[in-house]
Structures are given as structure tokens and as C-alpha cells.
Amino acid sequence: MKQEIPYKIYLEEQEMPRQWYNVRADMKKKPAPILNPETLKPITAEELSHIFCEELAKQELDDTTPYFDIPDDIRNFYKMYRPSPLTRAYCLEKKLDTPAHIYYKFEGNNTSGSHKLNSAIAQAYYAKHQGLRGVTTETGAGQWGTALSMACAYLDLDCQVYMVKCSYEQKPFRREVMRTYGAKVTPSPSMNTEVGRKINAQFPGTSGSLGCAISEAVEAAMGQEGYRYVLGSVLNQVLLHQSVIGLETKAALDKYGIKADIIIGCAGGGSNLGGLISPFAGQMIKGEADYEIIAVEPASCPSLTRGVYAYDYCDTGRVCPLAKMYTLGSGFIPSANHSGGLRYHGMSSTVSELYDQGYLKARSVEQTEVFKAAQMFARVEGILPAPESSHAIRVAIDEALKCRETGEEKNIVFGLTGTGYFDMVAYQKFNDGNMVDYIPTDEELQKAAAALPKV
Ligand SMILES: *Cc1c(COP(=O)(O)O)cnc(C)c1O
């Protein structure tokens, strides 16, 4: 007899994963190694440990160990907001009149409002464990900075956040959440660092960029005894920590004998998507199961769908290691888009390699369509989604509508990465009918790609 599936599939605390899963260990062809920006040779753990914590540098380079134990202190922190629910979107299904079954894994159930806390607590933990005094980072939209502030407050670590100046000014509430958790927030470019002073002299009055804030945060870490730099997306270590999302999703589905047909995630730097799909992609690689995996990106910043697969710099200042990834070029500046977390020029090297090998597809969607999906979702499912997450909602709705045409009863699973309470300016634009969709021209993309480093 078929078991009735509840609205929310909860896991018990003791069912929460005890290990993270490193999908790279099971990949036959591995992602290309990251390179030292000075020598252009594969970077060593020793070299990396000048920028990152030692344990994280090891995780970054490890493509053979499939499982890493989650330390108890991190698991205990996770218990404050995990396991996160996997929700059956019965109300959305009804609204769409679709035979498809839609499920979403909700990661917005913590004060920082996104999945980024899963990696923030891990990175802060390893910094503390190494006896460091603090960490530095950048934040664009503000979600990562908020998550890191929470993690550092919990572990009593100093937290210095370089926040892109336009965000610092436009999102004062995000800034105040970070300060409430004890972080020192500096608008970037600042006068604290050499690179900041240089950029301010070169472009007086500039409102900053993510690439510039990264360079400042790295310089700040290198210049202070007992500090390291941490990053909230793109890196292998971040995907590893985010695998907790996919492992829980799989455990919840397995509990009710549900086999996903389509798995959808939004993709900025690729961390939530990579984490969500890791165990499923691992099964595909081992020939145990088959899934249709779809990465969704904004049409204004289409690294997978229109980028090139090449080595590129991860930051504008070119101080971070180079990674082989689908990229639009580190000089590409995406148009103002309301999904701040998806405005990165590149894509995680693991997600890029899985995409190149055909394990996942990519789709780009326009902003107005994304907000239409967000609005519908908010009205029927109750949660006010982050604009980033709404990219996945858009494609989940589109796939469910296809099922209405074909009558197929597919199981669609998507990642709902966060809530959108700090994005009300974007919602206001949408509600007022003033939202514009910007799509870069081929010429613009060619120009940015021509500036890729020759490696
Ligand atoms: C940062 C962010 C993203 C995009 O980052 P990924 O590394 O691609 O996961 C998506 N959703 C939310 C809510 C975010 O804060």
C-alpha cells in the first residue's frame, strides 16, 4: 500500500548526516587542479595554508577521500537549525494543476536566512581549532557575511567583513545584523588596504565590486597575525560542507521510497547546487541511478550556458588561485541584477566538470519571470523566497507545467536556498512593474572572454 506523504518530511536529529560527502572522490575524471597565481603550477596545501586554514586547505585539495567526519561541535551547531525540512509543495501542485510531485529542501530557516551558514560554521570551527584570532571575508549581497558573523559569534572569533560599498549603503539592515553578531563591517573599496586605496585613487567614488572586496579581504588576512581568509561559495571545501543539504534530502526521500526524477538548484558560485546534487551525482557516476539535474542561472550572468570552460582568476585583484571553470571572465561585470548571490563570473570547478561530463544541464532565466515564480510561490506556499532561490522555483514550475501537458507524474525536487526579507527593494521594483531584464550581448561576452589568462 502506498504511504501517504506528509507536507513536511522531517528527519530526526540522530538521522542528520555524521559525515560530509566529497563527490570528487568518486569522479573518474577529476576537476582540474587549482593553480598558484604566481607560478601557474598546481598549488600545494602548504601554499594554500597562507590564505586558508590548514584543515580547509587540505579539504580543498583532497579528491580521493569520499567521506569526512563532521566534528561534534559543528554537528551541535547544525542541530540549532537542522535537519532542515523537505516539504511536499502540495499547495503549489494544486495551483499549477499538475500531476507532478514537487518537493523543496528549505535552507532559509536560520537567522542568516540561507544555506551559507552550513559552511560558515565549518570554516569558523577550523579557524578556531587552529588557534587563529579571526577571519576576513567579503560579502556582496550580504548573506555570506551574515552567516559568517553568526558562526564567529558562536565560536568567539573576530570577524572582519568587506562589504561591497553599494550594498553597504543600500542594505543597511544586513549590515546591522552583522554588527549585532559582532562583525566589523567595512565598505569596500576602503582606505584600510593597499588594493582598496589603489582602486579608490583610480576610480574615485566607485561603489565597489565583489572581486575588489575579495582582494581587500585577502590582503587584510595576510597582513594580520592570526588571521585567515574565508570564502562562502565556489570552493571545493564549501561544496563539501554543503553536501549536508543533499545527504539530508536523499535520506528524507528514501524514508518514503521516493525516487527523484528531476533535481533543480540555482547556481551562483555553485555551492548549494553542488551540495544538493552531490549524493545523487555520485550515484549517477557509479551507475546506480539516473536523474535529470538542472542548474539554473540568471540570463544576465550566464556562466554555464554561455561561458567558456577555461582557467580563470577567481577575483578581480588576481590574488586568489586560478581555477578551471565555466566562466565569463574575471573582468565581466554583470548588469545590476537583484539576485546578488548569483552575480559571480565563474562556477565551482566541480560543478563545471560535472556539467562538462554531461551529468547536469543548465538553463538561464530572466529576472521578471523569476519574480513571477517567486510571487506565486509566496502566495501559495507561504515562504517569501530569496530572489536567488526563485531561479530554481521558476524552473520547477516550468517542469511541473510540462507534466501537466504530458500527464507525467514526475518527482521534482528543488533547493529553496533562502528567504528574501532583505530583498524588498527588488520585490518593490517587481510590484511596481519597473523590473528590467538585461541580457549581455555576444560582443560583451566575447570581450570579457578574450581577457582570460593564457594558461
Ligand atoms: C549565495 C546564495 C546563493 C548562490 O550561491 P551558490 O554558491 O551558487 O549556492 C543562492 N541562494 C541564496 C539564498 C544565497 O544566499
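Restricting attention to the range 389-455, which trypsin sites (Lys or Arg not before Pro) occupy a DSSP loop and are surrounded by at most 16 other Cβ atoms within 10 Å? Here the sparse-neighbourhood loop sites are Lys454.
So which trypsin sites (Lys or Arg not before Pro) in the range 69-153 pass both tests, a DSSP loop state and at most 12 other Cβ atoms within 10 Å of the Cβ? Could the numbers behind the result be given before it?
Details: sites: Arg75, Lys79, Arg88, Lys94, Lys95, Lys105, Lys116, Lys128, Arg133; in loops: Lys79, Lys116, Arg133.
Answer in residue order: Lys79.
Of the solvent-accessible surface of the chain, computed with a 1.4 Å probe and all protein chains present, 50% belongs to carbon and sulfur. Taking a sphere under 13 Å around the Cβ of Phe106 and counting the other residues whose Cβ falls inside, with K and R at +1 and D and E at -1, yields a net charge of +1.
Return one whole number: the accessible area per residue of the range 61-183 in Å², for a 1.4 Å probe. Mind showing how you got there, number by number?
Working: 4430 Å² over 123 residues.
Per-residue accessible area for the range 61-183 comes out at 36 Å².
List the trypsin sites (Lys or Arg not before Pro) within the range 1-56 that DSSP assigns to loop and that have no more than 11 neighbouring Cβ atoms inside 10 Å. Each step should come with its number before you reach the end.
On the way: sites: Lys2, Lys8, Arg18, Arg24, Lys28, Lys29; in loops: Lys2, Arg18, Lys28, Lys29.
Counting only loop positions with at most 11 other Cβ atoms within 10 Å, the trypsin sites (Lys or Arg not before Pro) in the range 1-56 are Lys2, Lys28, Lys29.
Accessible surface area normalised per residue over the range 242-323 is 24 Å², counting heavy atoms of protein chains with a 1.4 Å rolling probe.
Compute the longest continuous run of the chain that contains no exposed GluC sites (Glu not before Pro); treat a site as exposed when its DSSP state is not H, G, I, E or B and it has at most 14 other Cβ atoms within 10 Å.
Values: sites that count: Glu4, Glu12, Glu38, Glu225, Glu288, Glu408, Glu409.
Here the longest segment lacking exposed loop sites spans 39-224.
Axis angle, to the nearest 10 degrees, between helix 387-406 and the longest C-alpha principal axis of the chain: 30 degrees. The order of Tyr438, Tyr359, Tyr81 by accessible area, most exposed first and with a 1.4 Å probe, is Tyr438, Tyr359, Tyr81.
Net charge of the neighbourhood of Ala147, taken over other residues with C-beta under 15 Å away and scored Lys/Arg +1, Asp/Glu -1, is +3.
The values are calculated or read from the model by the stated rules, or taken from the named source; none is laboratory data. None of the values given here were measured: they were computed from a predicted structure. Please note: Cβ atoms are built from the backbone with ideal geometry, for glycine as well, and neighbour counts cover all protein chains shown. Ligands, DNA and RNA are excluded from the accessible area calculation, which covers all protein heavy atoms including side chains. Shrake-Rupley method; radii C 1.70, N 1.55, O 1.52, S 1.80 Å.
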